[in-house]
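Undergrad: Pasting a structure below so you can have a look.
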Amino acid sequence: MHPILASEEAPPLKPLDRPLYLRRSGKSLLIDFRTGEPAMLHFGADLGPRIPELSLLSDPVAHSSLDIPVTLGLIPQASSGWRGRPGLRGHRNGQSFSARLRVVSVELRDDGCSAVVTQSDPDAGVTLSTEIRINDGGLLQLRHRLHNDGSDAYRLEELAAVLPVGRAATEILDLTGRWCREAHPQRIPLRQGTWVRSGRHGRTGHDSSLLLAAGTGGFGNRHGQVWAVHLGWSGDHESFVETIGDGRSVIGASELLGSAEITLAPGSSYETPWLFAAYSDAGLDGISEAFYAWFRGRPHHPGVRSGKPRPVVLNVWEAVYFDHRLGTLLELADSAASLGVERYVLDDGWFRGRRNDHAGLGDWYVDEELWPDGLTPLIDAVTAHGMEFGLWVEPEMVNEDSDLARSHPDWIAGPAPRSAGGTSSARLPERWRHQQVLDLVNPDAWQYVFDRLDALLTQYRIGYLKWDQNRDLTEMGHGGSPSVHAQTLAVYRLLDELRKAHPGVEIESCSSGGARVDLGILERTDRVWASDCNDALERQTIQRWTEVVVPPELVGAHIGPTTSHTTARTHDLSFRAITAMFGHFGLEWDVRQLQGAERSGLAAAIALYKDYRGLLHSGRMVRADEPDPSLMLHGVVSHDGTEALFALVSVATSFSEVPGRVALPGLRPEENYRVELVYPAAGSGPTFTQVHPPAWLSPGVEASGRFLAESGLPMPVLNPEHGLLLSVRASGGSAPSAGAGAGAGAGSISGNSGRRVQHG
């Protein structure tokens, strides 16, 4: 038998004469068509340019089972003997409930790394096309399109995207959380059966899994095999890992559809969201590398699109809340500009009737009582300082106490239709933060929101929208039918059309913090707000796990007040600054009140971020498998390995008197590096608790990348909830570069690599 060549090397043949073998960036997907069904044999590491004759690799047939080997298809089917979750569930008035899809065509794209596989079942009257691609960096994308070929309606219940998981996987990891405590990991053993995470929030949800992973036992940041998926969808969804009785495991996800939510008329189609999947043989950091490469390779990625670095933000929410007085806001602008702020965001409270969160949502007109001259005086002052002006909106919601709700009660979404005359007794969903959901499936409601936002963006010099969405979509309905699917698409279309009309405006996805963080919304927005909690200790975990998928330049991370608004926990400035550094840096603080050392310390921290943001927003994220649970070490290393910035953070008291030698992973082993403490200055403030620091700390030290990774350096003793930043540069370097690699528009960034910052 002759070996089978990889598809990218194969001579032209009929599509079904050979397997589909997609390879890129050290990852591969292998699909066999010998049974007439696309059988997924492998997803994971690259198998090399040649694979064996697949007919010799057929599985055995066990006693008391089907008389043929059971196929795991692109769509797992009962008609092929699959006894796990079916990939397709649907029917025609109770009939045609079990499809028998078989391949009719395979189209390999010119790049050799993407393909479309089309299957059909004439008896069931459906055709399914599956688009697959492996991107540069190894991230795989997969989505299905189901077409109704029949003469009557087809009611779709589920269409899932799945991939095989290697037998080495014995453990599941996903994320969960709540408001102000998003993105916390949980682990369970992978056993026979199904682990399902359902999101029924109408949005992604504070408890979103964000990433569902299966891997070898104890897989960590930098070791172990990991298979991971994310569904790029902002509505209801399910993700799952399943092991069936024959020992095979799959990982996948699907949109979670409401009752009769998708009924396909003859000739119509349904397309699934993209499933994003990554494989790594080097732990979770390898998963992040694949996602980061995809994000930063997009032509519309922030920095790539705008050509500018990520600006330092001041959001005024925790400074003034609903107290919008022009004099106060002008003072904030003056103070922020003197600190080095580059974007000023006016938060909730600027529109008609908005004095608290009980009223006004939907009335997107500048409040004439608060702003007799409109927003122009504030915007002129902000832009005169060289800052960009941003504005908070929550266009998907409505207060019942609003002119909009009084004029159009039928525009409020709910379980039953409502009349336009205001006399309807149809029940509304329970209020959430005194608000309801605006039915954007209604074309008139959609057009109203678009027109109001378009008018604001046309009238005023607004460079940024903080787009909030502050409630779950419970009992989400349009015309008496469930409508989460249609509402999600309407929101996407609203964002798409506004971006088309105002291409220079950046948009942040905020959803009571981190309740809508997914790749569906991030295709249309420029960053996410990871949490309403600015407590630096909580943020260490929230940001670390959000950034396993989302690169730091897309994750808003702000320095809040000394005492946290949400937890009442008090932290030193240096700890808050170090935490915010590894994200899209900003402030949420009444900076007018800062004086003396505290003010100069904040200005120095802002300057330090500007020095390093090119690196932070382009390099490889590195997270150490630190054995001491009281310590966290993470950093960013440039793609050429010439520089890095590491943060060592103490999140609790340690059992040990001293930290011992802490390794700095991810550097080039044979390169010689100089390591220096850059923030805070040695011996400053309450950060350190020791009689003498390690000898190297003040002068710095030179060592090879191999030494730093294998032996490490003795670290100072940190008080709990404090941290430090270490600059690592290849010997002979002079200044931190803008950061090698894609993204961030980093070419305009420069600074002094030897900078040491004294904090207040």
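The values are calculated or read from the model by the stated rules, or taken from the named source; none is laboratory data. Predicted model only: the values in this text are computed from it and were never measured. Counting neighbours? That spans all protein chains shown, and the Cβs are built from the backbone with ideal geometry, glycine included. Just the protein is used for accessible areas: all its heavy atoms, side chains included, with ligands, DNA and RNA removed. Shrake-Rupley method; radii C 1.70, N 1.55, O 1.52, S 1.80 Å.
Undergrad: Counting other Cβ atoms within 10 Å of each Cβ, which chymotrypsin sites (Phe, Trp or Tyr not before Pro) in the range 598-706 have at most 12 and sit in a DSSP loop?
TA: Answer by residue number: Phe655.
Undergrad: Quick test of your reading: applying the under-4.7 Å Cβ rule, which cysteines of the chain are isolated?
TA: When partners are defined as cysteine Cβ atoms under 4.7 Å apart, the chain leaves Cys113, Cys510 without one.
Undergrad: What does a probe at Ile188 reach in the range 237-265, counting residues whose amide N is under 14 Å from the point 7 Å along Cα→Cβ?
TA: Output list for this probe position: 239-243.
Undergrad: Right, something else. Given the rule -39500 (n - 2.57) for each run of at least 4 DSSP H residues, summed and divided by the residues of the chain, what is its mean residue ellipticity at 222 nm, to the nearest 500 deg cm²/dmol?
TA: -5000 deg cm²/dmol
Undergrad: Is the range 646-726 rounded, prolate or oblate when judged by the Cα gyration tensor, a ≥ b ≥ c being the square roots of its eigenvalues, rounded requiring a/c under 1.5 and prolate requiring a/b larger than b/c?
TA: Cα axes put the range 646-726 in the prolate bin.
Undergrad: When the chain is fully extended, how far beyond the present Cα-Cα distance does Thr263 get from Ser425, taking 0.36 nm per residue of separation?
TA: 55.5 nm
Undergrad: Sticking with the crude label model, points 7 Å out along Cα→Cβ, report the distance from Thr563 to Arg109 in nm, one decimal please.
TA: That separation, rounded to one decimal, is 5.5 nm.
Undergrad: Can you tell me how the range 506-640 classifies by the Cα gyration tensor, rounded, prolate or oblate, using a/c under 1.5 as the rounded cut?
TA: rounded
Undergrad: Separate question: Could you work out what % of the accessible surface of the chain is carbon and sulfur, using a 1.4 angstrom probe and leaving DNA, RNA and ligands out of the count?
TA: Roughly 50 percent, rounded to a whole number.
Undergrad: Work out the FRET efficiency for Asp640 and Arg661 from their Cβ-Cβ distance, taking R0 = 30 Å, and round it to the nearest 0.05.
TA: Calculated transfer efficiency: 0.70.
Undergrad: Once whole DSSP H runs in the chain are found, which of them have Cα atoms spread over 27 Å or more along the helix axis and a mean Kyte-Doolittle score of at least -1.0?
TA: 596-616
Undergrad: Can you sort His237, His565 by solvent-accessible area, 1.4 Å probe, largest first?
TA: Of His237, His565, the descending order of accessible area is His565, His237.
Undergrad: Might you report the magnitude of the Cβ-based charge dipole of the range 153-228 about its Cα centre, with Lys and Arg at +1 and Asp and Glu at -1, to the nearest 20 debye?
TA: With only Lys, Arg, Asp and Glu charged at Cβ, the dipole is about 120 debye.
Undergrad: What is the gain in length, in nm to one decimal, between Ser98 and Asp373 on full extension, counting 0.36 nm per residue of separation less the C-alpha to C-alpha distance?
TA: So the chain would gain 92.5 nm between Ser98 and Asp373.
Undergrad: Of Gly193, Leu275, His223, which is farthest on the positive side of the dipole of the chain, counting Cα position, with +1 on Lys and Arg Cβ, -1 on Asp and Glu Cβ, and the Cα centre as origin?
TA: Final value for the positive-end residue is His223.
Undergrad: Which residue, chosen from Phe582, Trp233, Phe97, occupies the Cα position most advanced towards the positive end of the dipole of the chain, where the dipole is computed from +1 (Lys, Arg) and -1 (Asp, Glu) charges on Cβ about the Cα centre?
TA: Final value for the positive-end residue is Phe582.
Undergrad: Skip the ligands, DNA and RNA, and give the accessible area per residue of the chain with a 1.4 Å probe, whole Å².
TA: 36 Å²
Undergrad: What shape does the range 113-218 have by the C-alpha gyration tensor, where a ≥ b ≥ c are the square roots of the eigenvalues, rounded means a/c under 1.5, and otherwise prolate means a/b greater than b/c and oblate the rest?
TA: prolate
Undergrad: Report the charge-dipole magnitude of the chain in Debye, nearest 20, computed about the Cα centre from +1 at each Lys and Arg Cβ and -1 at each Asp and Glu Cβ.
TA: 1120 debye
Undergrad: Would you calculate the separation in nanometres between label points at Glu598 and Thr35, each defined as 7 Å from the Cα along the Cα-to-beta-carbon direction?
TA: 6.8 nm
Undergrad: On to the next question. FRET efficiency for Thr383 and Ala682, Cβ-Cβ distance as r, R0 = 41 Å, nearest 0.05?
TA: E between Thr383 and Ala682, to the nearest 0.05, is 0.50.
Undergrad: For the pair Leu330 and Ala652, what calculated FRET efficiency results from E = 1/(1 + (r/R0)^6), where r is the Cβ-Cβ distance and R0 = 35 Å, to the nearest 0.05?
TA: E(calc), rounded to 0.05, equals 0.25.
Undergrad: Taking the Cα centre of the chain as the origin and placing charges on Cβ (Lys, Arg +1; Asp, Glu -1), which of Ser129, Ser711, Pro551 is farthest toward the positive end of the dipole?
TA: Ser711
Undergrad: Ignoring the sites themselves, what is the longest stretch of the chain with no GluC sites (Glu not before Pro) in a DSSP loop and at most 10 other beta-carbon atoms within 10 Å?
TA: My reading of the result: 54-367 is the longest stretch.
Undergrad: Provide the gained length on full extension for the span Glu702 to Arg305, in nm with one decimal, where the gain is 0.36 nm per separating residue minus the Cα-Cα distance.
TA: Answer, rounded to one decimal: 139.1 nm.
Undergrad: Evaluate the distance, in nm, between pseudo-label points positioned 7 Å from the Cα of Ala416 and of Ile68 along their respective Cα→Cβ axes.
TA: Label-label distance for Ala416 and Ile68, simple model: 5.3 nm.
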